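Worksheet: the structure to be examined is printed underneath.
The values are calculated or read from the model by the stated rules, or taken from the named source; none is laboratory data. Everything numeric in this text was worked out from a predicted model, so none of it was measured. Reconstructed Cβ throughout: ideal geometry from the backbone, glycine too, with neighbour counts over all protein chains shown. Please note that ligands, DNA and RNA were not included when accessible areas were found on the heavy atoms of the full protein model with its side chains. Shrake-Rupley method; radii C 1.70, N 1.55, O 1.52, S 1.80 Å.
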Amino acid sequence: VQRGRVWFSNFATEPFISYTTKDREVSLEFLKKYKYILINKMDIDAYIDLIDNDKTSTHKIQKKIEREIRKSKKLILINTNSVKNSEWVNFELETANKNSIIIEEKKIEDIKLKIQKNYQGSKFFNHL
């Protein structure tokens, strides 16, 4: 605690989550559930653009994304059918590679199972 502010240092890493919404299975609702699991079940605070970015100009968003990737210890790529065709995802991967950021690929199916396991029958699951 410093002058009335609480500093949280218990988060393991702060990964940048890379994805495309071209595949319908990656929605805002899906991303919110995934972020909730990362924070509350795994003590990982992740940056997810659709949730954490203020919607300003494309240039400002691009600069913000670059900063967030450079600050991250890892980039987690949510692998879906359209991910390799996404200009944004390719930009994020290039930025991670240029900055020697670890890239970890996660299958969408595995994330869906984790969400189902953690929220089956939960009221929270239905309210996101």
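Once label points are set 7 Å from the Cα along Cα→Cβ at both Lys71 and Asn40, what is their separation, rounded to one decimal in nm?
Each label point lies 7 Å from its Cα, and together they span 2.4 nm.
Please report Rg over Rh for the range 37-128, where both radii come from the alpha carbon positions and Rh follows the Kirkwood definition.
0.99
Quick one: order Glu87, Glu66 from most to least accessible surface, probe 1.4 Å.
Ranked list, largest accessible area first: Glu87, Glu66.
What does the charge count around Lys55 come to, taking other residues whose C-beta lies under 13 Å from its C-beta (Lys +1, Arg +1, Asp -1, Glu -1)?
My count for the surroundings of Lys55 gives -1.
Cross-link candidates for Lys117: which lysines have Cα within less than 16 Å, leaving aside residues fewer than 8 places away along the same chain?
Excluding near neighbours in sequence, the set is Lys32, Lys33, Lys35, Lys41, Lys107.
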